[in-house]
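Step one of this worksheet: look at the structure below.
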Amino acid sequence: MKFASEFRDGSLARRIATTIAAECQPSRGYSFMEFCGGHTHTIARYGLETMLPEAIRLIHGPGCPVCVLPVGRIDSGIELARDHGVILCTYGDMMRVPGSPRMSLLKAKAAGGDIRMVWSTLDALKIARDNPSREVVFFAIGFETTTPPTAMALKMAKAEGLTNFSIFCNHVLTPSAMRAVLQGGSLPLEGVIGPGHVSAVIGIDPYREFSDRGMPVVVAGFEPLDLLQAILMLVRQVNEGRPRVENAYVRALPAIGNEKAQQAIAETMTLRDSFEWRGLGTLPDSALRLADDYAKFDAERRFALPYRTIPDPKSCACAEVVRGIKRPEECPLFGRSCTPDNPIGSCMVSSEGGCAAHWLYGRHRMSNEGRKAVA
Amino acid sequence: MTANAHRNRDLFPRPLDLVAGRVDLTHGGGGRAMAQLIAELFAGAFDNPYLAKGNDMAVMPPTGGRLVMSTDGYVVSPIFFPGGDIGSLSVHGTVNDVAMSGARPLYLSASFILEEGLPLSELKHVVESMAAAAKQADVLIVTGDTKVVERGKADGIFIATTGIGSLQDGLHIAGDRIRPGDAIILSGTIGDHGIALLSKRENLEFETAIESDSAPLHGLIRAMIEAEPDIHCLRDPTRGGLAATLNELAHQSGLGMIVDEDAVPIRPAVRGACELLGIDPFGVANEGKLIAFCPADKAEALVTVMRDQPFGENAAIIGHAQPDPRRLVWLRTSFGSQRVVEWFHGEQLPRIC
């Protein structure tokens, strides 16, 4: 498979890992945060941590869209389907995210809510066209990667004059989350692996504020070799003591990002004053709402949705996990009452969530039994 | 013209409109319309002496072996997909479940739940496809039932089939017979059925040449048993894919499994589609594949036999069973690492960024 299999070459990976080990200096620490859930998934799936020297510590970041969405937002989605009788369209990952006790979109659907899983915003538009007598709401979530499709759907809906379509906008911004994690200062961090597909939209310049303050950033693709190369580049930045933003994903992203996508977002959306994140608290200028020109497509205004802050379930450590403060297995619920079949926290839902990735791929690796089993 | 057709014309002066007609509630009401549907559509297509008796049950002779029985419901969407339809699938699926015991499948029952409004042309297509599949699988559809539910209470057509087969003495093929060291053989490429279906789902249309692998495997199994009667276990990795089946068998046998990723055949188009959708092919459904466990020293010969059979051309040894109190399924990845293969959770959901 062109452009994928070449970047999964195990022998090349071991060569890069050997180089990384050789370049790590004993006096230094190399704790790197992979911001993006897609990276977390690759690291767990390919067992990259087991190839790396002990000096390298990888910390999962908050870049999993469903993981950072607070309970209150899920509850609003459920309310839209249940109390306002809309057809609620959403990406598959959202269906099982736990809302207020014992409720999720999947359970609300079973209880009669008209909730439909779609693969793209175009599907939601089609549902709106096919059901002119029903209100159709797209539950939009995600970082900059999923924002342009929402923006394009808005432009199309406006151009077509669709009157029964609206967006429940929960798009969030990567640099804001990164800022919140780094400002906390509670993590010993020596570098950040930036999400390649976010930069494919926004470019790499937004990360200069972090390198200017001494934090090395390397933007990476999503195959194992991409990540190992990014780790090697971070090790070199640390050793040289010269923090900067580097692009390790040149085959896919120009440094300026995608200007057309940026324009579509700027036309249809605007910064929210503040937005509540699970784990990171309420952050200023960290998320988008619909621009006033698109107010009639804004589900929050159209249905006068109130926003309530709902606390996370007791003992659930998702908040610490998305900030990299706790590893999944340090949560008292992990693998006991919280599993992918029955998730209590959002990090156990999407395969990009730190907990689900560790459950699926990582949890047996450390045991001696496991090592013997594959010997 | 057959005697049956003459009789039908006396009873039902106007034949069913198989071009523009639709199923309505009278077709399930027990009256003349239902009798006509059965006479003109089902009886002709499934024609066999047991069904022709017209009783509410079929009486068959003793089979000479132990009886094997299996049942399955079919609710596939869409009902027509590349490489098959709900009719052929409802025969293949149940024939295969019976055959995985080593039995020869003989008879099927078929129960139809039809939604009011279903075009009779579609029903005809499905019934003819079932008849052809039954003929290919050498089984007779000897009894059946038809119900009609109001529009909106079903999705076009649901079919339940039950199969009966005959198992010769001396054969014992079951999950609890898997032994440490047994080779795991896979009969061909994985993921074809699930991806063929996904490619046609209303909200996910992409151009692809992938066809469902839906097929009857009794012939392949017969050839395998003739060549090697000491096969320990056969199982078809349908819903949940290879990952679910290996985990089920690990639990049933109390053993662990280890599989080589490089040895598992996957079509490039399936691999590409899975990549695009964020789906793991190990969790995607198959409808014409089996995995076999046999003593390691017999495995090469068995694979050679399989490769000469229809539906076994891409057979390969993909791993082996091993002692493991935790009953884990391990994968040696192409990348050179090892990881546990878990059951996937519910529907495989695409990654969203």
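Coordinate-derived values only; no laboratory data. All figures in this text were calculated on a predicted structure; none of them were measured in a lab. Every residue, glycine among them, receives a Cβ derived from its backbone with ideal geometry; neighbour counts consider all protein chains shown.
In terms of packing, defined here as the mean over residues of other Cβ atoms within 10 angstrom, the peptides B:100-111, A:255-266 line up highest first as B:100-111, A:255-266. For the range A:39-163, the relative contact order is 24 percent, taking Cα pairs closer than 8 Å that sit 6 or more residues apart in sequence and dividing their mean separation by the residue count. Viscosity 0.890 mPa s, temperature 25 °C: what is the translational diffusion coefficient of the protein assembly as shown from Stokes-Einstein with a Kirkwood Rh over Cα pairs, rounded to a whole number of µm²/s? Translational D for this selection: 87 µm²/s. Kindly state, to the nearest 0.05, the FRET efficiency for residue B:25 paired with residue B:56, given R0 = 22 Å and r defined as their beta-carbon distance. The value I calculate is 0.55. Amide H contacts under 5 Å for residue A:143: A:172, restricted to partners 5 or more places along the chain or on a different chain, H placed in the peptide plane at 1.01 Å from N. Other residues lying with their Cβ under 10 Å from the Cβ of residue A:157 contribute a combined charge of +3, Lys and Arg counting +1, Asp and Glu -1. Ranked for footprinting exposure by Cβ neighbours inside 10 Å, fewest first, A:347, A:331 give A:331, A:347. Among the residues of B:137-149, the average count of other protein chain beta-carbon atoms within 10 Å of the residue beta-carbon is 0.
To the nearest 0.05, how large is the calculated FRET efficiency for residue B:179 and residue A:83 if R₀ is 51 Å and r is the Cβ-Cβ distance? My answer for the efficiency is 0.30. Peptide A:91-97 has a mean of 4 when you count, residue by residue, the C-beta atoms of other protein chains within 10 Å of its C-beta.
Once you sort the root eigenvalues of the Cα gyration tensor of the range B:1-119 as a ≥ b ≥ c, which label holds: rounded (a/c under 1.5), prolate (a/b larger than b/c) or oblate (the other case)? Since a/c reaches 1.5 but b/c is at least a/b, the shape of the range B:1-119 is classed as oblate. Structure note, pairs B:135/B:298; B:200/B:289; A:107/A:314: Cα-Cα distances above 29 angstrom occur for B:135/B:298. Extending 7 Å from the Cα toward the beta-carbon at both residue B:209 and residue B:276 defines two label points whose distance is 1.4 nm. Neighbour counting of Cβ atoms within 10 Å sorts the residues B:23, A:250, fewest neighbours leading, into A:250, B:23.
First check a/c for chain A, with a ≥ b ≥ c the square roots of the eigenvalues of its C-alpha gyration tensor; if it is under 1.5, answer rounded, and if not, answer prolate when a/b is larger than b/c or oblate otherwise. Prolate.
From least to most packed, judged by other beta carbons within 10 angstrom and beginning with the fewest, B:74, A:30 follow the order B:74, A:30. The coefficient of translational diffusion for chain B, derived via Stokes-Einstein from the alpha carbon Kirkwood radius under 37 °C and 0.692 mPa s, stands at 152 µm²/s.
Remark: mean inter-chain Cβ contacts per residue of B:327-338 equal 6, using a 10 Å Cβ-Cβ cutoff to other protein chain atoms.
Consider a paramagnetic label point 7 Å from the Cα of residue B:300 along Cα→Cβ; state which residues of the range B:307-335 have an amide N under 19 Å from it. What the label zone holds, given the 19 Å backbone N cut-off, is B:307-308, B:314-321. Counting only residues at least eight positions apart within a chain, or on another chain, the aspartates and glutamates with an alpha carbon under 14 Å from that of residue A:155 are A:267, A:292, A:293, A:298.
Normalised by 2.2 N^0.38 Å, where N is the number of residues, the alpha-carbon radius of gyration of the range A:274-340 equals 1.51. Mind checking which aspartates and glutamates have their C-alpha under 18 Å from residue B:147, skipping anything on the same chain fewer than 8 residues away? Candidates past the 8-residue exclusion: B:24, B:40, B:56, B:72, B:115, B:116, B:122, B:155. Using the alpha-carbon positions of the range B:225-305, Rg (one decimal) and Dmax (whole number) come out as 14.1, 42 Å. When Lys and Arg each count +1 and Asp and Glu each count -1, what net charge do the other residues less than 11 Å away from residue B:254, Cβ to Cβ, add up to? Surrounding charge for residue B:254 is +1.
Working from the Cα coordinates of the range A:19-132, the gyration tensor eigenvalues give, after taking √(5λ), semi-axes of 42, 15, 10 Å in decreasing order. Can you say what percent of the DSSP beta bridges in the range B:9-167, counting only those with both residues inside, are antiparallel? Round to 5. Within the range B:9-167, antiparallel bridges account for around 70 percent of the total. Applying the Karplus relation 6.51 cos²θ - 1.76 cosθ + 1.60 with θ = phi - 60° to the range A:171-177 yields 3J(HN,Hα) values of 6, 10, 10, 4, x, 5, 5 Hz, where x marks Gly and Pro.
Annotation: amide H of residue B:235 within the under-5 Å range of B:291, sequence separation 5 or more or interchain, hydrogens built in the peptide plane. The amide H of residue B:341, built 1.01 Å from its N in the peptide plane, has B:329, B:330, B:331 as neighbours under 5 Å, considering only residues 5 or more places off or on other chains. Computed across the range B:175-340, the Kirkwood hydrodynamic radius from all distinct Cα-Cα pairs reaches 16.1 Å. Of all beta bridges that DSSP places with both ends in the protein assembly as shown, some 55 percent have antiparallel geometry.
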